[in-house]
Amino acid sequence: MSTFAGQGLPFSLAIAAAGSIPFLLVYFVLRRPSTIRNIPGPPSQSWIFGNTQQLILSTQYGDYEFGWLKSYGPVYRLRNCFGVRSVKLHVKFGGLIPAKQDRLMVADPAALSFIINSPHFKASPMLENVVYLLHGPKSLIYVSAEEHKPLRAALNVGFTAAAVRNYQSIFEKAAARITEKLDNSPSTVDICPLLSFATLSTIGEAVMAASASQSRLQILAEAIASHLPPWLFRAVAHLPTPDFKTARDAKRLAYELGNRIVREKLLAAREGQLDTDGDVFSVLCATKDGLPGDIVAAQTSLFMVAGQETTATTLVLGLRELARLPNFQADLRSEITAHTGKVAYDSMPLLNAFIKECLRMFPVVPIDDRIAREDAVIPLSEKITLSTGEEISQICIEKGQIVSVAIASFQRLESRWGEDAHEFNPNRWLHGTAYKGPEAEALGPYANLFFGGPHTCLGWRFAVLEMQVFICELVRQFSFALPEDDAVRIRLAFSLHPMMPNGQKGAPMIVSRIS
Ligand code: HEM
């Protein structure tokens, strides 16, 4: 599927590496020594990769990270790529001393809350470049903090509780298409493409009223959902290599498609022909003094990527867990079949506990890198002990420090979720909130499972209703089991994905119709 994995990759890598050398040299000379060097953390695995390979490329996401969480606690230091950070003259030692480049891994609740809400931090340069390349400079996720607030408020009209209720019939039709496909599939079936296509079709219809059968929409989704290598730099992205060209083409295609649809809708609105209860773009185009058409169209790629694979992956990983819990699966089916007629999804405790547990255990964005725009003092919920023996309750960091918001680790903190934090246990949500801690009161019904701060997921209600509808239809009609030779692993490829041993995305399951 991904052209990034195709023939052009080694060539692009070579060009990217060559193009980056002058920047790296300047970087090595100008950067400042680490201020977090006394915070304990795992030893570096290699000079080139530091601990980054273990963090990002482990066979199963978290193989190392969750071990580090246990050994070093919710805040620790990791070595980044190119371990020797700078060559700095230390008069005290009378020579050239290499200082290390470190990243701060943070899963401490107070620290996380501070980082994601503070203007002192922004997305890391690497993340910004990928976002720019994929979604463009006018997309909600890329614009400056000043532009973000009004743009988000304007876009939110398409994602309110009332607006999302209008998309329910779209989700129901998509769920019916999945069950039809399952009826025509062999008993062992890869559920990934089925769910990816279903979530793509709902995004197309609910956001733009574009049918998923439109081939351009499909091509676009293929291209923009491709796994982007995390080493993309904006400068080299303008090189004429096939990999970067695919990303640029996808962004252009998305904009063209969105732009055409928005123009049609604006025209229909002027003629009083626009259905204002319809899709997100219709709602936005019908809003008096709303956003200019080009700004609405500029969100096409973001909505398609943010809304498609996220929901599909959460569902796939959840169904795999359901297969491991046959008793819970049976109870959930009983709860679903007990509801006849108009389904009140929010009043189904097992269904909602299951969805929350899927989001907790498998945050599709498990780690989010930020950079300090200026010197800052990060508060901590619990004191940590430095390698010098000193105890600290806050961390002073310098401008330029990379901080990894360790979402997956936060969602497995034993101090907050209990000793069984690493187990998939939907029942934890059945009796009040599963989250224990002084900040529990401040968390919403989803306990920050869609992240927090100004960039918290705009489409969370959309995702929840879609998952409620899909799970109800699937579990009502089918039972789910794992094949005996199941070898699927969860790996990080920009976001979490189920991967088969051959390196392809996929999740074969035994799906049987309930007679
Ligand atoms: C299970 C499904 C989903 C999960 C787990 C999820 C998770 C997230 C997370 C963690 C972020 C914050 C990213 C960051 O700050 O770097 C985010 C942002 C966002 N999500 Fe979702 N998402 C899901 C579904 C959706 C859907 C269905 C849509 C739209 C239809 C959507 C639209 C967005 C948008 C537009 C943003 C950017 C918000 C901003 O920058 O202000 N998401 N999502």
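Name the GluC sites (Glu not before Pro) in the stretch 254-324 that are in a loop by DSSP and that have at most 10 other C-beta atoms within 10 Å, would you?
Numbers: sites: E256, E264, E271, E309, E321; in loops: E271.
Qualifying residues, ordered by number: E271.
For the stretch 360-512, what value does the Rg/Rh ratio take when both radii are computed over Cα atoms and Rh is the Kirkwood radius, given to two decimals? Please list the in-between numbers first.
Values: Rg = 19.2 Å, Rh = 18.9 Å.
Expressed as Rg/Rh, it is 1.02.
Give me the net charge of V316's neighbourhood, meaning all other residues with Cβ under 15 Å from the Cβ of V316; Lys, Arg count +1, Asp, Glu -1.
Details: positive: K181, R320, R324, R489, R491, K505; negative: D190, E309, E321, E357, E466, D486.
Here the charged neighbours net out to 0.
List every residue whose amide H lies under 5 Å from the amide H of F49, counting only residues 5 or more places away in sequence or on a different chain, with H placed 1.01 Å from N in the peptide plane.
F82
Amide H neighbours of K138 under 5 Å, counting only residues 5+ apart in sequence or on other chains, H built in-plane at 1.01 Å?
Here the answer is none, since no amide H 5 or more places off falls under 5 Å of that of K138.
Take the alpha-carbon centre of the stretch 276-340, take the same for the stretch 179-193, and report the distance between them in whole Å.
Centre-to-centre (Cα) distance: 20 Å.
Tell me the label-point distance for the pair E484, R177, using the 7 Å Cα-to-Cβ offset, in nm and rounded to one decimal.
Placing both labels 7 Å beyond Cα along the Cβ direction yields 3.6 nm.
So which GluC sites (Glu not before Pro) in the stretch 439-495 end up in coil per DSSP with only 16 or fewer other C-beta atoms within 10 Å?
Details: sites: E439, E441, E466, E473, E484; in loops: E439, E484.
Filter output for the stretch 439-495: E439, E484.
Picking from I384, S409, T337, whose Cα lies most toward the positive end of the charge dipole for the stretch 333-409 (charges on Cβ: Lys, Arg +1; Asp, Glu -1)?
Farthest towards the positive pole: T337.
Put one equal scatterer on each alpha carbon of the stretch 431-505, apply the Debye formula with no solvent term, and list log10 I(q)/I(0) at q = 0.12, 0.18 1/Å to two decimals.
Per q value, in the given order, log10 I(q)/I(0) is -0.61, -1.09.
Could you go through the stretch 265-273 in sequence order and give the Karplus-derived ³J(HN,Hα) for each residue, using 6.51 cos²θ - 1.76 cosθ + 1.60 with θ = phi - 60°, rounded to whole Hz, and x for Gly and Pro?
5, 5, 5, 4, 5, 4, 8, x, 9
State which entries of K181/K505; K251/K399; K70/K436; K173/K265 exceed 25 angstrom in Cα-Cα distance in the structure shown.
Working: K181/K505 19 Å; K251/K399 32 Å; K70/K436 18 Å; K173/K265 23 Å.
Those over the limit are K251/K399.
Using the Karplus equation 6.51 cos²θ - 1.76 cosθ + 1.60 (θ = phi - 60°), what ³J(HN,Hα) coupling, rounded to whole Hz, does each residue of the stretch 160-171 give in order, writing x for Gly and Pro?
6, 4, 5, 4, 5, 4, 5, 8, 4, 5, 5, 5
Considering only DSSP states other than H, G, I, E and B, which trypsin sites (Lys or Arg not before Pro) in the stretch 247-327 qualify as loop sites with at most 14 other Cβ atoms within 10 Å?
Details: sites: R248, K251, R252, R260, R263, K265, R270, K288, R320, R324; in loops: K288.
Answer by residue number: K288.
For the stretch 426-515, report the accessible area per residue in Å² (1.4 Å probe, heavy atoms, rounded to an integer). Write down the numbers at each step before the final one.
Values: 4090 Å² over 90 residues.
Heavy-atom accessible area per residue stands at 45 Å².
The values are calculated or read from the model by the stated rules, or taken from the named source; none is laboratory data. Quick caveat, the model's predicted, so the values are computed rather than measured. Methodologically, a virtual Cβ is constructed for each residue, glycine included, from the backbone with ideal geometry; neighbour enumeration extends over all protein chains shown. Calculation scope for accessible area: heavy atoms of the full protein, side chains included, ligands and nucleic acids excluded. Shrake-Rupley method; radii C 1.70, N 1.55, O 1.52, S 1.80 Å.
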